[in-house]
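Right, one structure below, let's go through it.
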Amino acid sequence: MSATRKKYFARLVGRCLIFVLCILLYRVQPQSFLVLDGMNFFRQISPLHFLWLIWVADIFLQIVPIKNKVPLGSQKLFANRFKPFRGKINYKALKNYIVSTTLAAYKVFVIWCLLVAVIGILFACGVISKFALFMISVLFYVCDLICVLIWCPFRLIMKNRCCTTCRIFNWDHLMMFSPLIFMGGFFAVSLVVMSAAAWLVWKLCVMMYPERFWDHSNAALQCSECTDKLCTQYCRKLRTDP
């Protein structure tokens with residue numbers, strides 16, 4: 001198991017603990033969740049402030065170029081992670097790839113919007129509370145790493161080989177925090193806006209630098225060049241271990 005994969009499993013354990021601790025906090029100290037309301041974020045200190053900071057830091061790491069600290073799948077939009085092939089790029093094939101993956105991404109987007117719409121309807125009807133909206137986002141926070149490390153249902157639509165080549169890798173925060181759209185308040189709105197900004201940066205880079213997202217134009221995305229080795233369950237036969 002690669003060092004990056006071990007770190008990700010540790011992060012998954014940490015996220016599961018956060019999920020459990022949030023439930024326990026609500027049972028023991030429900031007033032801590034008042035920071036979710038309006039501008040209460042600035043009126044009291046709560047353990048949720050620390051979680052907010054963790055989430056903001058995660059988003060920030062997706063919109064700035066970082067070498068060797070963040071997996072390539074999340075950083076391939078930047079020039080410092082682009083490794084061109086020696087030969088010429090087949091731009092017709094590249095265009096076909098971008099078009100096909102964009103159509104698949106739209107399918108995922110529509111499905112996710114429908115899911116979020118159902119959550120919104122349940123909230124509007126009083127079936128679920130603000131706390132439930134928050135916990136759904138925390139659950140999605142856990143599921144994000146389950147998709148990376150164990151099994152990802154979106155691969156059935158995207159048909160990508162692994163997370164490194166995934167067309168929607170940096171959609172994770174927007175998908176995580178989309179249930180918070182219905183909550184309002186600084187805590188929720190700030191996370192939604194920042195995650196939307198990270199999504200927009202990704203989207204613009206796909207449009208402006210499509211060659212960075214295809215493993216036949218960016219050699220860094222080839223299995224033989226992989227340094228993260230997050231996807232051993234998919235590519236064990238394709239990659240070459242050091």
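The values are calculated or read from the model by the stated rules, or taken from the named source; none is laboratory data. Just so it is clear, the model here is predicted, and its values are computed rather than measured. Don't worry about glycine lacking a Cβ; one is built from the backbone with ideal geometry, like all the others, and counts go over all protein chains shown. These area figures cover heavy atoms from the full protein model, side chains too; ligands, DNA and RNA do not enter into them. Shrake-Rupley method; radii C 1.70, N 1.55, O 1.52, S 1.80 Å.
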Can you list residue pairs whose Cβ atoms sit under 7 Å apart, with the first residue in the range 197-222 being under 12 Å from L77 (Cα atoms) and the second being among the aromatic types (F, W, Y) and not in a loop (DSSP other than H, G, I, E, B)? Count only pairs 6 or more apart in sequence or on different chains. W199/W171; V206/F213; W214/Y97
Going by the conditions given, is F154 at pLDDT 95 or above and either surrounded by fewer than 22 Cβ atoms within 10 Å (Cβ to Cβ) or within 15 Å of the chain's Cα centre (by Cα) (or both)? no
With the requirement that a residue be among the small types (G, A, S) and buried (at least 17 other Cβ atoms within 10 Å of the Cβ), what does the range 121-137 give you? S137
Test set (1) modelled with pLDDT under 95; (2) under 30 Å from L51 (Cα atoms) - Q222 fails condition number: (2)
For the range 67-83, how many residues are surrounded by 11 or more Cβ atoms within 10 Å (Cβ to Cβ), in contact with a helix residue (DSSP H, G or I) (Cβ under 7 Å, 6 or more places away or on another chain) and more than 30 Å from V20 (Cβ to Cβ)? 7
Per-region count, the range 77-136, residues over 17 Å from the mean Cα position of the chain (by Cα) and part of a loop (DSSP other than H, G, I, E, B): 13
Condition (residue is of a type outside the set (D, E), within 21 Å of A220 (Cα to Cα) and open to solvent by 40 Å² or more (accessible area, probe 1.4 Å)) applied to the range 41-63: is it met by at least one residue? yes
Among the candidates L21, L34, which residue alone is in a helix (DSSP H, G or I), open to solvent by 30 Å² or more (accessible area, probe 1.4 Å), touching a helix residue (DSSP H, G or I) at 6+ places or on another chain (Cβ under 7 Å) and not hydroxyl-bearing (S, T, Y)? L34
Testing G184 on (1) modelled with pLDDT under 95; (2) closer than 28 Å to K7 by Cα; (3) open to solvent by less than 40 Å² (accessible area, probe 1.4 Å), one condition comes back false. Which one is that? (2)
Residues in the range 1-12 that are open to solvent by 90 Å² or more (accessible area, probe 1.4 Å) and within 17 Å of the chain's Cα centre (by Cα) total 2
Test of understanding: among A132, A124, which residue is at negative phi and touching a residue at least 40 places away in the same chain (Cβ under 8 Å)? A124
Could you count how many residues in the range 151-187 are in a helix (DSSP H, G or I) and charged (D, E, K, R)? 2
Reported set for the range 38-77 where residues are at pLDDT 95 or above and among the hydroxyl-bearing types (S, T, Y) is S46
Could you tell me which of the residues F140, F109, F169 is within 28 Å of F9 (Cα to Cα), in contact with a Gly (Cβ under 9 Å, 6 or more places away or on another chain), open to solvent by 20 Å² or more (accessible area, probe 1.4 Å) and of a type outside the set (D, E, K, R)? F169
Are any residues in the range 188-200 open to solvent by less than 50 Å² (accessible area, probe 1.4 Å) and touching a Leu at 6+ places or on another chain (Cβ under 9 Å), and if so, which ones? A188, L191, V192, S195, A196, A198
